Amino acid sequence: MATAQYALLKESAGADGAALLRIVVANGGRQMIYADRAVAMLAELARDDPTVLGVVGLVESRTSTARALRELNQVGLPVLAPTLSADRMDANSRLYLQISAPNKDQVKLVDAYAKQVLKVNDAHVFYTTLEGSSLTEDLYVGTLVDGLRQQFGTRITRLDEWRTGQRLTDECGYPGMLFYAGRWTEFDGFLRALRECGGNPPRHLVADDSANRYMANPGLRAAAPGNLPVTYVSKAALATCAALRAAQDRRDDDARASFLSWIQADDLLDPPRCRPGSEEQVGERVSLAYDASMMLVRAVESLAARLHHADPRQRWEPESVNPVGVHAEVLRQNAGQGYPGVAGLIRFTPDSGEPVDKRLALMRVEQVPDVATAPVEVFRCGAADGSGPAACGPA
């Protein structure tokens, strides 16, 4: 969001009608346990300040998050969620728009990879829920596990909940796909348990997209087995340093080229990201939140421009643009070719807040403790842009 704010400040210096982005940070607490309080404060702020036009965020697809969405819908605030992906989160709010692909698409990606690349038929699935949580409360893990059950059917020959301290020696040398369908907070313990396999690790370990938060933590990765390659789901593979540089070299992708220039700037991120010869990568979630923020702002600019065109003499008034109108304008702008996001094309159907054919990818690291080597994209599904079909296949 800071990157979006920076980009808009650069634009506004030389452009009439450019909107500025003011960010108010609201913290719903760990696992969104204080979401109710945060929403109440947002509602009060929105009543007092007509320039509050939407919410970018909400973290972790849980029942508390779904409840927050319902309350924000009653308040009349649209929500653009960068990373939520539990299936049918949009059922909780008519003002909800999701930037990332839903879990049903993630399941199809993993299934296609197992068939096309790994050439394996059966899978073992382990999921995790935090102490005090459950599959019913954790909508991300719950819908992911349900989707795997439906997609793989009898090809899942083992489906178990994994808890910290549980041994995994039965998985040593397993030739099928071993899929981790849990939260990143338990992934470290899961990998540590596989250390017992020594030189006979499972052949194909694949993890869900939550694992990217583990993969971004060098301290945690240092204790992982060195002989265990990991492949994991990414919601933003198009916004890695390598992908952004490739887009810049092609000179045919203004959105990614501009984003790269912002994150490389001297006066924004500390340290700057994706500079030549630098090992500082851009975070998985940065481009997703940037896309959400820019979609919201472009809708505000469009509404303001239409109001000005209708009456050029009219002085700008914040009350002339309201949150519900901004949500409608996002959908109106999206109705054609979709929004060219940095992390992939964003398209919605009129009756859903879930994106259609949103890009997902599988990233692979050969040595988890080797944090100096960037993950490599090995498989993908979904559209990068509107130029062709969104088929699944090797990268």
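In degrees, nearest 10, range 0 to 90: what is the angle between the Cα axis of helix 63-75 and the longest Cα principal axis of the chain?
10 degrees
Could you work out the local net charge near GLU196, counting Lys and Arg as +1, Asp and Glu as -1, over the other residues with Cβ closer than 14 Å to its Cβ?
Around GLU196, the charge tally is +1.
Kindly state, to the nearest 0.05, the FRET efficiency for ASN217 paired with MET41, given R0 = 51 Å and r defined as their beta-carbon distance.
So, using R0 = 51 Å, E works out to roughly 0.95.
Quick one: the Cα spread of the stretch 201-325 along its three principal axes, in angstroms, biggest first?
The principal-axis extents, from largest down, are 70, 32, 27 Å.
Taking the stretch 208-297, which GluC sites (Glu not before Pro) meet the DSSP loop condition and have no more than 10 other C-beta atoms within 10 Å?
Those that pass, being in a loop and sparsely packed, number zero.
For ASP122, what charge total do you get from the other residues with a beta carbon under 11 Å from its beta carbon, if Lys and Arg give +1 and Asp and Glu give -1?
Around ASP122, the charge tally is +2.
In deg cm²/dmol, rounded to 500, what helix-only [θ] at 222 nm does the chain give when every DSSP H run of at least 4 residues adds -39500 (n - 2.57) and the total is split over its residues?
It comes out at -10500 deg cm²/dmol, rounded to the nearest 500.
If I take R0 = 25 Å and measure r between the Cβ atoms of CYS392 and THR349 in this structure, what FRET efficiency does the formula 1/(1 + (r/R0)^6) give, to the nearest 0.05?
Computed FRET efficiency for CYS392 and THR349: 0.80.
Local charge sum around PHE152 (other residues, Cβ-Cβ under 9 Å, Lys/Arg +1, Asp/Glu -1)?
0
On a 0 to 90° scale, report how tilted helix 103-113 is relative to the longest principal axis of the chain, with both axes built from alpha carbons and the result rounded to the nearest 10.
Its long axis makes an angle of about 50 degrees.
If I stretch the segment between ASN322 and LYS10 completely, what's the gain in nm (0.36 nm per residue apart, minus their alpha carbon distance), one decimal?
109.8 nm
Where in the stretch 33-74 is the amide nitrogen less than 20 Å from a point lying 7 Å along the Cα-to-Cβ axis of GLU137?
33-39, 58-71
Across the stretch 28-163, how large is the tail of the calculated P(r) beyond 27 Å, expressed as a percent of all Cα pairs?
Counting every Cα pair in the stretch 28-163, those more than 27 Å apart make up 31 percent.
Give me the dipole magnitude in Debye, nearest 20, for the stretch 35-113 about the Cα centre, with unit charges on the beta carbon: positive for Lys and Arg, negative for Asp and Glu.
200 debye
With both partners inside the chain, how many of the DSSP beta bridges are antiparallel, as a percent to the nearest 5?
Taking every DSSP beta bridge within the chain, about 45 percent pair in antiparallel fashion.
Against the longest principal axis of the chain, how steep is helix 323-334, in degrees 0 to 90 to the nearest 10, with axes from Cα atoms?
70 degrees
If I stretch the segment between VAL120 and ALA335 completely, what's the gain in nm (0.36 nm per residue apart, minus their alpha carbon distance), one decimal?
Taking 0.36 nm per residue and subtracting the Cα distance, the gain is 73.5 nm.
Shape verdict for the stretch 140-188, please, from the Cα gyration tensor: rounded (a/c under 1.5), prolate (a/b greater than b/c) or oblate.
Oblate.
Taken together, the values in this text are just the output of simple stated rules run on the coordinates, not laboratory data. Everything numeric in this text was worked out from a predicted model, so none of it was measured. Quick reminder, even Gly has a Cβ in these numbers, built from the backbone with ideal geometry, and neighbours come from all protein chains shown.
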